[in-house]
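Scroll down for the structure; my scribbles are underneath it.
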């Protein structure tokens, strides 16, 4: 029976990992291509949640989770075009500062627009309750999230590995100079990557709004875990981030099973151990421009 | 924005220089004409949402007092800041007294931060009104002469909900699992809960301590399901209550969820159909008495939403302080402490008047258990609670639901 309970925590951890993945994958892509540590990533997650809750009131949940990431991705164009673009070649400390500042500005903007108290959001009626598979308990809504994450993952993988767009992006990660020498401008690709990254963060926000508290500082809460996932997974590696996200979810679940109070600490211990053995993260590649 | 001409600026500069030339007495008297009050409340973190309601309440009280001529003709200068965490709260409290000239301090929701501000108050011999912290220990082993406690303590919340649960037959012989916030407040609440369980033949079969930064409760909910309790009991605080209730509804566990702590601001953020069970509250905007109704109407008119319980408690606290300063004609700590220790009665918008108990400085007042209103009966999105009968019941002593001297001893140094 003990084993069954543990397995349940593992499966639940995988689902949770999927949700971390939505945030972390974008963060990793933006860093890998542009060399920018986007501390404002959580702000887009929060915007995604707020916009989705707003749209849900008028059009219902389905349209909201589609329109909200699209809206945030469009904001991403402005973000890349007018802010990030100036910092690709600059001292990294500058991009850290500017994205950190943007995160604070966004949080305050949310306070001004929607108010400081949290806003309420509920799961659509059709996805309430849980499903039993044998003795396993699954939240019906989390299964939906899992399906969405899987679909996004497949989509992003195909985009990066099976299209000419993806080839340029991957080449741009390793040798931007060579890409430039071949006469390809990386900037439009970077715009697309930022749109994709912040759009995924917003998708995470939209799907998590009904099961977590929607308040102005929600972005700051998620960003730390997302960074831990990226660091554990290693930069530049698609599968590294995927494995790390799932690992973080599972390790947290198992720790909570045995030592509930240590649940949040466990993911940092995991990061520490991984970095001891593999300083570039699990599947991190050697990227010349960052060495 | 008003635009000033260069000439106006020049005049202002001349006036300022002139005032400085006359010397410091002018400036001193200008300062003395205002009463500076330091106010700290968490505006960020897991208690930030309810803290923002608290700030609205205190601002409204200060504006009303100032509009009616201030206290003894002096305007109140309310310095209100984010207390952030226990360490920052203590630093800011010290700065407010030392550099900004605060004559007294008040506010706070976190029991951990409140404890550090209490220490600052004692060190500086300034009065501190802790408005939202609920840990019993603050009134017991950690009490001091300069600190007063306005919100109901943990024991009262447990008694309020416990009484309602007993009436529903949900205590005797039942198995409980608790989910507890892992800091002073939660530990303290768990202690009170355990005392209640053992006094009423209930068993505690599982207890999960949860760090205050947890936002995903799914692993804990799986453990609850494994324990198969009769009742699940939430001892969390702030945002975490909202998160737990939302995710509890998401998983649809069959065990009733009750809680020994809830603030209405957190309940309002939960989303339709998520909250159920029996919970405690210190005040709710639907309370039926004239003073409460007038306050709710004025607040709603000003801010476009009804007051949350922290807005109410901050409002009445500043009004009590103003009354004390007016009647003692003093902002000196000893005079104020003496005034409140006389157990002066205050109308705090409830059926019965309240007073600060002299030996532990607890504001003794009624509390209420509540259940959740069915959706069809809600007048608006704020109207979601059905208040139970006030505890203690009409005939009983107000203090009967509060911890006694032996249960929660407080030794104040003179």
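The values are calculated or read from the model by the stated rules, or taken from the named source; none is laboratory data. For clarity, every value in this text was computed on a predicted model and none was experimentally measured. Methodologically, a virtual Cβ is constructed for each residue, glycine included, from the backbone with ideal geometry; neighbour enumeration extends over all protein chains shown.
General observations
So that you can scan it fast, the table gives a plain yes or no per residue for (1) crowded, with 17+ Cβ neighbours inside 10 Å; (2) out of contact with any helix residue (DSSP H, G or I) (no Cβ under 9 Å at 6 or more places or on another chain):
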{"residue": "A:17", "(1), (2)": "yes, no"}
{"residue": "A:26", "(1), (2)": "yes, no"}
{"residue": "A:30", "(1), (2)": "yes, no"}
{"residue": "A:46", "(1), (2)": "yes, no"}
{"residue": "A:68", "(1), (2)": "yes, no"}
{"residue": "A:72", "(1), (2)": "yes, no"}
{"residue": "A:86", "(1), (2)": "no, no"}
{"residue": "A:93", "(1), (2)": "no, yes"}
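- Residue match in the range A:67-82 (condition: more than 19 Å from the chain's Cα centre (by Cα) and farther than 30 Å from residue A:121 by Cα): yes
- Tally, over the range B:53-96, of residues that are within 14 Å of another protein chain (Cβ to nearest Cβ) and touching a strand residue (DSSP E or B) at 6+ places or on another chain (Cβ under 8 Å): 5
- Flag set for residue A:5, criterion: more than 18 Å from residue A:199 (Cβ to Cβ) and within 13 Å of chain B (Cβ to nearest Cβ).
- Subset of the range B:238-260 (residues that are more than 11 Å from chain A (Cβ to nearest Cβ), within 22 Å of residue B:312 (Cβ to Cβ) and touching a helix residue (DSSP H, G or I) at 6+ places or on another chain (Cβ under 6 Å)): B:260
- When each of B:195, B:267, B:298 is tested for being within 14 Å of chain A (Cβ to nearest Cβ) and either surrounded by fewer than 24 Cβ atoms within 10 Å (Cβ to Cβ) or part of a helix (DSSP H, G or I) (or both), the lone residue that passes is B:267.
- Unmet requirement for residue A:122, which otherwise passes all of (1) outside any helix (DSSP H, G or I); (2) out of contact with any helix residue (DSSP H, G or I) (no Cβ under 7 Å at 6 or more places or on another chain); (3) in contact (Cβ under 8 Å) with a residue 24 or more places away in the chain: (2)
- Any hit, the range B:224-234, residues being farther than 28 Å from residue B:352 by Cβ, buried (at least 20 other Cβ atoms within 10 Å of the Cβ) and facing chain A (nearest Cβ under 9 Å): no
Rundown of residues vs (1) closer than 21 Å to residue B:70 by Cβ; (2) modelled with pLDDT of 95 or more; (3) under 20 Å from the mean Cα position of the chain (by Cα); (4) crowded, with 22+ Cβ neighbours inside 10 Å, yes/no style:
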| position | (1), (2), (3), (4) |
| --- | --- |
| B:331 | yes, no, no, no |
| B:339 | yes, yes, no, no |
| B:348 | no, yes, yes, yes |
| B:355 | no, yes, yes, no |
| B:364 | no, yes, yes, no |
| B:371 | no, no, no, no |
| B:374 | no, no, no, no |
| B:377 | no, no, no, no |
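- Scanning the range A:129-180 for residues that are outside any helix (DSSP H, G or I), surrounded by 12 or more Cβ atoms within 10 Å (Cβ to Cβ) and more than 14 Å from chain B (Cβ to nearest Cβ) returns a single hit, A:175.
- Under the condition of being over 17 Å from residue A:85 (Cα atoms) and not in a helix (DSSP H, G or I), the residues counted in the range A:181-207 number 2.
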